[in-house]
Amino acid sequence: MPAFAEVAVPLPVFATYSYRVPSEWREGVRPGVRVQVPFGRGRVVGLVSAASDQDPGVGELKSVTAVLDPEPLLSPALLALARWVSSYYLAPPGEVARSMLPPGLLARKTLQVEKQRSWPARLRLAVVEYGSGEPTLTPRQQEVLDSLRDQGLPVPVAPFVQQARTSVELLQTLERKGWLRLAEIEVERSPWSEPAASVTPHRLTADQESVLTGIMQLLGEEAFRTLLLHGVTGSGKTEIYLNAIRATLEAGRSALLLVPEIGLTPQVTRWFRGWFGDQVAILHSVLSAGERFDQWRRIRAGACRVVVGTRSAVFAPLERLGLIIVDEEHDESYKQEEAPRYHARDTAIVRARLEDALVVLGSATPQLESYYSATEAGRFGHLELASRILERPLPTVHVVDMRREFQRTGREPVLSDLLKEFLSRTLERGQQALVLLNRRGYSRAVLCRSCGHTESCENCSITLTHHLGTDRLLCHYCGYARSIPEKCRRCEREYVFFVGMGTERVQEHLRVECPEAAIDRLDRDSVSRKGSLRRILRRFRRGETDVLVGTQMIAKGHDFPRVTMVGVLSADQGLHMADFRSAERTFQLLTQVAGRAGRGESPGDVVIQTYYPDHYSLKYACTQDYGSFYGREIEFRKRFRYPPFTALANLVISGPERDEVAERAARLAERLKEERARCSDLSKMRILGPAPAPIERLKRDYRYQILVKSTDRPALHAVLEPLVASSHRGEAGRVQVDIDPVRLL
């Protein structure tokens, strides 16, 4: 039995800590169990990462004060995955462990241990039966009792108390008087917002059969492989996923499907529950903590063998994992932007290697690095679906040169004449349309036409966006809000002017242009309340909405057979970003949103409004010509030494004082160069910066960046590791390290 344990604590420290295990706890201490340990002046709940009877020899050790679990919460494979995530992404091991478990299981503050519960119990105080008690009730007590009797038993207390605007104390009074009984009972919190779809498996096309055969052969090997499934939009990838998962279950193994957006989850889970029933679990961040815990517990108990979820579902505690599917593998949502900054796609590949599973990466617009790995480097297998199901044609794309529109009209119209014409035709035929503008709000900036002053955030170097719904100016980075000024805050003249447009303004404009049409909006603002996303998509799916305006949320994965027209406004806005991936993002977004049109029996049309009609990302997106785009873009990456030809790390140094941040950044760059001289050489590693970040001030902190490019990944880690360790000790100040960054803002 182990006398010593290594414990990962849920704090931003780049180390595990050694503890002595008292004899009374030795039988229960194993890797993967939670323990309560002293840390600093208090106690925290951490996760045992290793246990041994060998003294680590690091001096006098504190002792474990409690073991909280009868069995490990993480399997050996998941513990190995946690070690990889911590090492590869230079992330604190305790923070990694915390992200792999449901909220609340690893506590940063002292946890009161009662009866050594293995996890927070799924218990709610509830009304379980009624009685006939003392006749003396106040009018308010009688009103609450009558309201309770209208409810089906058992009655969960918390929602009833909120709904009836009463208190737990009043219910306890009714219990003392004998009118009801309260008890703690186990309640399964369902995450399902809609019933399972009634589905009938379709007959696969010859192309689908060929691809599925290739996948089945790899599944039969029960060995680690990575496969890129490159299929044009509407080619039927989901049907292949369903058949592959069914085969995995029949072989006695489990399956995991990752999707990039919460917006895709309800539709996908309806299909999967229709195929696999109660074997399906769902994991994503919009679930309540209770719902998420219940799903996690069912998965861990083996009651669910199919998990559908977003980024964090890559850590789902599935046993005998045989298949991982990463749908829309190119999507940036798979990258975690806070510590630990892991990428779910790459983490899925490592998990599959640890569990001898097959990974299928699916996309119509694969990330450049994935396509390179499949077609040139030979690291991935490659299967292709080159045509839509039933030989349906790709949509016809029409490009509107907005420079000519401006020359012709003397202004920048929201909708070009061509877009209005196609929209009118679509509505006359009783069909549906999508309109994409990847910018929410009403206007993107407020400008004084007298002195040129713009309304900016007090905390960030960002202009404030006008939101019509709240009639406020809002920062999309920190949430700072301000009322709309009646006159310029600088020159005090009344020349306030709203510049640019967002989805709110487009929706308003369409209501004027198409007064008979039902127009809805899908963006982060419109889905801020729980259930609103489901309602918006359900109305559109049922045909109650004619035109859906939205940001990139409408571009991914949705299958609406009655959509025959897609309009894209400001198609080139992403090209202005100071990021080497800007052309790739533009190509992906345009290809994906165009692919929403013409998926049913009627052909589709797409109208793209742009000021850069000759840019190669737009030209190739119009024809969904991924091969030509890849050929052009890969040469750019090779010439300027960007991935896949180099490994990147982005270091962000931040703090409240600009000069102090700049000085720390300069010192850090010098230390990086010193470490490089020890571990690598100038030809293999370049250190760029420091320089102010593109968004120099964020949430009141000034930010400087250092970008490190290396053709030798082990050398990159060797250079960064000592600096990361010193920053966590507080020696280098506040430094964020992002390995394989997807955004450089």
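The values are calculated or read from the model by the stated rules, or taken from the named source; none is laboratory data. None of these values were measured; they are calculated from a predicted model. Heads up, the Cβs are rebuilt from the backbone with ideal geometry, glycines too, and the neighbour counts pull from every protein chain shown. These accessible areas exclude ligands, DNA and RNA; they are computed on the full protein's heavy atoms, side chains included. Shrake-Rupley method; radii C 1.70, N 1.55, O 1.52, S 1.80 Å.
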The chain: antiparallel DSSP beta bridges as a percent of all, rounded to 5: 55 percent
Accessible solvent surface per residue of the chain, calculated while the other protein chains remain in place, 1.4 angstrom probe, Å²: 44 Å²
Among beta bridges that DSSP assigns inside the stretch 446-592, antiparallel share in %, nearest 5: 75 percent
With +1 on the Cβ of every Lys and Arg and -1 on the Cβ of every Asp and Glu, and nothing else charged, how large is the dipole of the stretch 549-641 about its Cα centre, in debye rounded to the nearest 20? 340 debye
From zero up to wherever the largest Cα-Cα distance of the chain sits, split into 20 Å bins and tell me the percent of pairs in each. 14, 44, 35, 7, 0
Quick one: grab the alpha carbon gyration tensor of the stretch 219-278, order the square roots of its eigenvalues as a ≥ b ≥ c, and give me rounded if a/c is under 1.5, else prolate or oblate depending on whether a/b is larger than b/c. oblate
At most 16 other Cβ within 10 Å, DSSP loop - GluC sites (Glu not before Pro), the stretch 404-496: Glu458, Glu486, Glu492, Glu494
Tell me which aspartates and glutamates have Cα within less than 12 Å of Lys673's Cα, excluding those fewer than 8 residues away on the same chain? Asp681
For the chain, the percent of accessible surface on carbon and sulfur atoms (probe 1.4 angstrom, ligands and nucleic acids excluded) is 47 percent
Taking the dipole about the Cα centre of the chain, with the C-beta of Lys and Arg at +1 and of Asp and Glu at -1, give me whichever of Pro644, Phe580, Ser456 is farthest to the positive side. Ser456
Pairwise FRET efficiency - Arg713 versus Glu60, Cβ, R0 = 51 Å, nearest 0.05: 0.85
Within the stretch 451-557: Cβ-based charge dipole about Cα centre, in debye rounded to nearest 20 (Lys, Arg +1; Asp, Glu -1): 600 debye
Sticking to Cα atoms, compute the Rg of the stretch 474-543 to one decimal and its Dmax as the biggest Cα-Cα distance, whole number, in Å. 16.6, 52
By the 4.7 Å beta carbon criterion, which cysteine residues of the chain come out unpaired? Cys304, Cys478, Cys514, Cys622, Cys679
Just check the stretch 369-424 against the gyration tensor rule for me: Cα atoms, a ≥ b ≥ c as the square roots of the eigenvalues, rounded for a/c under 1.5, and otherwise prolate or oblate depending on whether a/b exceeds b/c. oblate
Size of the dipole of the chain about the Cα centre, Lys and Arg at +1 and Asp and Glu at -1 on the beta carbon, nothing else charged, in debye to 20? 940 debye
A student applying the Cα gyration tensor rule (rounded when a/c is under 1.5; otherwise prolate if a/b is larger than b/c, oblate if not) would label the stretch 139-260 prolate
To the nearest whole percent, what portion of all C-alpha pairs in the stretch 599-745 is separated by more than 22 angstrom? 53 percent
If you find the alpha carbon centre of the stretch 374-398 and of the stretch 224-253, how far apart are they in angstrom? 15 Å
